[in-house]
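Q: My questions will all concern the structure given below.
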Amino acid sequence: MSLAQRIDLGLSGMGASLPAQARERMADHLRLVEKWNRVHNLTAVRETEQMVVLHVLDSLSVLPHLGAAKTVLDVGSGPGFPGIPLAIARPDLEFTLLDSSHKKCSFLEQAKTELRLANATIACERVEAWKPALRFDLLVSRAFAELSDFVAQAGHLVAPGGRMLAMKGVYPFDEIARMPASHRVAQVLELRVPTLEAKRHLVFLEAA
């Protein structure tokens, strides 16, 4: 079974579908990650078949929860998860992939070029120090930091009325308890990723 077919099968299990061209581009992204990984150690996951579930499908589980956002910031994008699969799936939205590692940003620039991602911008900056001209409707982080740190470091990047989405494993009771008064947890949803045994939750954060 090809990578694109594995992605398609996983999407079906999530009750979703994407055009064949989008699935092929996601597969091309994984092949590029695998190629760079041999030298640059972008991710601990080595096999592209494993990356389908652990990276691509995990990233796409957020797809139904982007709301009315037009601009999305992927904080701590690493090799482009969840930003690149989401950008491929939603070419109508503008995505910015933020990472402080020059090695990972070099990869992201290469991926943007090879995958022809016209709706993606790469920002090689430290999140807490970055001051872009415009703020974002939606911030997404995947294994970036504890909730309180996510808010403290990236909260200034959210446009008025915007939201922050934190992708987590098990329900983060302790992290929620340590949330600063400046923000509140609006919602916590359990995400389902086919064939992934581990728990996944999505935490919606808003300014208090």
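The values are calculated or read from the model by the stated rules, or taken from the named source; none is laboratory data. Please read all numbers here as calculations on a predicted model, not as lab measurements. Glycine gets a Cβ as well: all are built from the backbone with ideal geometry, and neighbour counts include every protein chain shown.
Q: Which residue pairs have Cβ atoms closer than 6 Å, lie 6 or more positions apart in sequence or on different chains, and pair a first residue in segment 80-96 that is assigned to a helix (DSSP H, G or I) with a second residue that is at pLDDT 95 or above and among the basic types (Lys, Arg)?
A: Once the first residue is assigned to a helix (DSSP H, G or I) and sits in segment 80-96, its partners that are at pLDDT 95 or above and among the basic types (Lys, Arg) give 88/25.
Q: Also, quick follow-up: Residues being of a type in the set (D, E, K, R) and either touching a Cys at 6+ places or on another chain (Cβ under 8 Å) or not in a strand (DSSP E or B) (or both): count how many of those fall in segment 183-208. Explain how you work it out, then say what you get.
A: In the first step, residues of segment 183-208 are kept if they are of a type in the set (D, E, K, R); the result is 184, 190, 192, 197, 199-200, 206.
Those left that are additionally either touching a Cys at 6+ places or on another chain (Cβ under 8 Å) or not in a strand (DSSP E or B) (or both): 192, 197, 199-200.
Summing the residues that are of a type in the set (D, E, K, R) and either touching a Cys at 6+ places or on another chain (Cβ under 8 Å) or not in a strand (DSSP E or B) (or both) in segment 183-208 gives 4.
Q: Can you pull out the residues in segment 98-117 that are assigned to a loop (DSSP other than H, G, I, E, B) and surrounded by fewer than 22 Cβ atoms within 10 Å (Cβ to Cβ)?
A: Residues satisfying the conditions are 100, 101, 116.
Q: In segment 20-55, how many are β-branched (Val, Ile, Thr), more than 22 Å from residue 197 (Cα to Cα) and modelled with pLDDT under 85?
A: Of the residues in that region, 1 qualify.
Q: Now for a different question. Could you tell me how many of the residues in segment 163-175 are buried (at least 18 other Cβ atoms within 10 Å of the Cβ) and either touching a residue at least 40 places away in the same chain (Cβ under 8 Å) or more than 20 Å from residue 126 (Cα to Cα) (or both)?
A: 7
Q: Do the conditions hold for residue 17, that is, is it surrounded by fewer than 19 Cβ atoms within 10 Å (Cβ to Cβ), small (Gly, Ala, Ser) and not in a loop (DSSP other than H, G, I, E, B)? Talk me through it step by step, then tell me what you get.
A: Numbers: surrounded by fewer than 19 Cβ atoms within 10 Å (Cβ to Cβ): yes; small (Gly, Ala, Ser): yes; not in a loop (DSSP other than H, G, I, E, B): no.
Considered against the rule, which asks whether it is surrounded by fewer than 19 Cβ atoms within 10 Å (Cβ to Cβ), small (Gly, Ala, Ser) and not in a loop (DSSP other than H, G, I, E, B), residue 17 comes out as no.
Q: Go through (1) within 12 Å of residue 122 (Cα to Cα); (2) more than 15 Å from the chain's Cα centre (by Cα); (3) at pLDDT below 95 for residue 1 and report which single condition fails.
A: Looking at each condition in turn, residue 1 falls short on (1).
Q: For the structure I just gave you, tell me whether residue 56 is in contact with a Gly (Cβ under 8 Å, 6 or more places away or on another chain) and farther than 12 Å from residue 29 by Cβ.
A: Considered against the rule, which asks whether it is in contact with a Gly (Cβ under 8 Å, 6 or more places away or on another chain) and farther than 12 Å from residue 29 by Cβ, residue 56 comes out as no.
Q: Among the residues that make up segment 108-115, is at least one of them touching a residue at least 60 places away in the same chain (Cβ under 8 Å) and touching a Gly at 6+ places or on another chain (Cβ under 7 Å)?
A: Yes, the conditions are met somewhere in segment 108-115.
Q: Let me ask something else. Please pick out the residue among 160, 180 that is loosely packed, with under 14 Cβ neighbours inside 10 Å and not in a loop (DSSP other than H, G, I, E, B).
A: 160
Q: Also: Considering only segment 74-92, I want to know if a residue exists there that is surrounded by 14 or more Cβ atoms within 10 Å (Cβ to Cβ), β-branched (Val, Ile, Thr) and more than 20 Å from residue 110 (Cα to Cα).
A: no
Q: May I ask you to say which residue of 187, 153 is crowded, with 19+ Cβ neighbours inside 10 Å, more than 15 Å from the chain's Cα centre (by Cα) and over 21 Å from residue 51 (Cα atoms)?
A: Every option except 153 fails the conditions.
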